[in-house]
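Below is one structure, written out as structure tokens; comments come after it.
The values are calculated or read from the model by the stated rules, or taken from the named source; none is laboratory data. Nothing here was measured: the structure is a model prediction, and the numbers come from that model. Counting neighbours? That spans all protein chains shown, and the Cβs are built from the backbone with ideal geometry, glycine included.
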Amino acid sequence: MFEHVPCAVCGADDYEVLYGPQSAPETDADLAVKFRASGDELLVYALVRCRECEFQYVNPRPQADLIYSGYVDGDDPAYVSQICARERTFAASLEQIERAAGGKGRLLDVGTAAGAFVATARQRGWDAEGCEPNRWLADWGQRHYGIRIRKGDLLQLDYKESSFDVITLWDVIEHTTDPRVLLDRCRALMRPSGILIVNYPDIGTWIARILGRRWPFLTSVHLSYFDRRTIRQILERTGYRVEAVKPHVQRLELDYILFRGSVLSRAASAAARTAVKGFGLSRLKVPYWLGQTFVIARKLAVLVSTNSMCELVLEMPL
């Protein structure tokens with residue numbers, strides 16, 4: 001049920017254990033709950049750090065096919081309860097994306113969940129679409145927004161190469177079983193000089209370091225833990241130039257944030273939710289940041305130089 005994996009960034013198989021495992025064997029039903037979009041179980045697997053590049057990741061982990069099955073199955077009403085707040089966050093992010101891309105064009109949102117980003121982008125004039133492995137979320141998004149969401153993994157779907165101006169990975173790369181393969185596939189689907197957006201929880205941020213194993217993003221649903229240096233390394237090694245890295249502030253309802261805080265303290269979470277409800281502030285949409293990081297990267301072309309070494313340059317349309 002578990003498999004041993006090398007470092008996704010540099011390929012080395014030499015690591016030190018940071019946190020030991022805390023879990024018992026799981027059933028398929030357990031995985032369907034664990035690997036949903038709103039999964040918040042604090043990490044129960046072993047977290048290791050590569051001795052070569054210092055990338056942190058889960059090892060060993062459940063087999064890739066079992067993880068994918070967990071993503072496909074199960075419902076997630078907790079995630080869609082925050083759909084309006086997610087739309088507000090995405091609207092602000094689209095302004096940054098449009099500046100980087102030089103306008104609007106064709107966009108693919110990978111792991112789109114219930115389609116909030118796709119719907120928001122379409123309202124702003126983008127030719128946007130999304131794909132999502134979870135059947136329940138995809139169906140919900142199609143009913144709610146009246147948009148098409150292709151069901152399945154990006155590697156399984158038959159998108160045409162060099163057909164997107166922008167590809168977005170909102171809270172996706174940390175979930176995938178092979179980040180390099182995902183980034184390679186995104187690059188193949190992008191047009192010359194296309195833009196890739198990666199949003200991820202950064203384990204190198206001050207708040208992650210202070211909270212340690214109690215950091216809310218250190219969860220069983222996350223397999224890869226990047227910081228600014230390792231996210232830059234994996235992007236550069238897969239053919240991108242990083243143009244911006246910045247904190248990503250999201251908006252969610254106050255009650256939902258406090259509810260998710262129960263992984264740190266159930267008693268404090270319950271007390272705070274009661275107090276907030278008493279003041280009529282439960283539905284208040286508030287900004288929050290716990291280490292989320294936003295990356296803008298541009299597709300590069302690989303050229304072979306005279307000494308047979310590969311160098312990366314901007315790929316410009318003719």
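Before moving on, here are some points about what is shown:
- Residue match in the range 84-92 (condition: of a type in the set (Val, Ile, Thr), touching a residue at least 40 places away in the same chain (Cβ under 8 Å) and within 26 Å of Ser162 (Cα to Cα)): no
- So Leu284, is it in contact (Cβ under 8 Å) with a residue 40 or more places away in the chain and among the aliphatic types (A, V, I, L, M): no
- Of all residues making up the range 51-78, the number that are surrounded by 17 or more Cβ atoms within 10 Å (Cβ to Cβ) and of a type in the set (Lys, Arg): 1
- Sole residue being surrounded by fewer than 23 Cβ atoms within 10 Å (Cβ to Cβ) and within 20 Å of Thr293 (Cβ to Cβ), chosen from Ser81, Ser93: Ser93
- Criterion violated by Leu107 - all others in (1) of a type in the set (A, V, I, L, M); (2) closer than 30 Å to Leu258 by Cβ; (3) in contact with a helix residue (DSSP H, G or I) (Cβ under 6 Å, 6 or more places away or on another chain) satisfied: (2)
- Taking first residues from the range 193-211 that are free of Cβ contacts under 8 Å to residues at least 40 places away in the same chain and partners that are in a loop (DSSP other than H, G, I, E, B) and not basic (Lys, Arg), the Cβ contacts under 7 Å between residues at least 6 apart in sequence or on separate chains come to Gly204/Asp227.
- Hits in the range 192-217 - residues which are over 12 Å from Gln292 (Cβ atoms) and in contact with a Lys or Arg (Cβ under 8 Å, 6 or more places away or on another chain): Pro192, Ser193, Gly194, Ile195, Leu196, Gly204
- Asp184 being free of Cβ contacts under 8 Å to residues at least 60 places away in the same chain, outside the structural domain of Tyr57 (by TED's automatic domain parsing), over 19 Å from the mean Cα position of the chain (by Cα) and more than 22 Å from Leu252 (Cα to Cα): no
- Sole residue being of a type in the set (A, V, I, L, M, F, W, C) and out of contact with any strand residue (DSSP E or B) (no Cβ under 9 Å at 6 or more places or on another chain), chosen from Val245, Val221: Val221
- Answer from Asp158, Asp139, Asp165 - the residue that is in a loop (DSSP other than H, G, I, E, B) and outside the structural domain of Pro6 (by TED's automatic domain parsing): Asp158
- Only one of the listed residues (Val263, Val245) is out of contact with any Gly (no Cβ under 6 Å at 6 or more places or on another chain) and in the same structural domain as Gln82 (by TED's automatic domain parsing). That residue is Val245.
- Residue in the range 37-50 that is surrounded by fewer than 21 Cβ atoms within 10 Å (Cβ to Cβ) and in contact with a His (Cβ under 7 Å, 6 or more places away or on another chain) present: no
- Residues considered: Arg260, Arg266, Arg283, Arg298. Of these, the only one that is of a type in the set (Lys, Arg) and either buried (at least 19 other Cβ atoms within 10 Å of the Cβ) or at pLDDT 90 or above (or both) is Arg298.
- Counted residues, the range 109-158 - those being aliphatic (A, V, I, L, M) and within 20 Å of Thr176 (Cα to Cα): 9
- If you filter the range 247-277 down to residues that are in contact (Cβ under 8 Å) with a residue 12 or more places away in the chain and not in a helix (DSSP H, G or I), you find that the one that is farthest from Glu87 (Cα to Cα) is Leu264.
- Filtered residues of the range 202-233 (kept if buried (at least 22 other Cβ atoms within 10 Å of the Cβ) and outside any loop (DSSP other than H, G, I, E, B)): Ser224, Tyr225, Thr230, Ile231
- Among the residues of the range 232-262, those that are hydroxyl-bearing (Ser, Thr, Tyr) and farther than 16 Å from Arg88 by Cβ comprise Thr238, Tyr240, Ser262.
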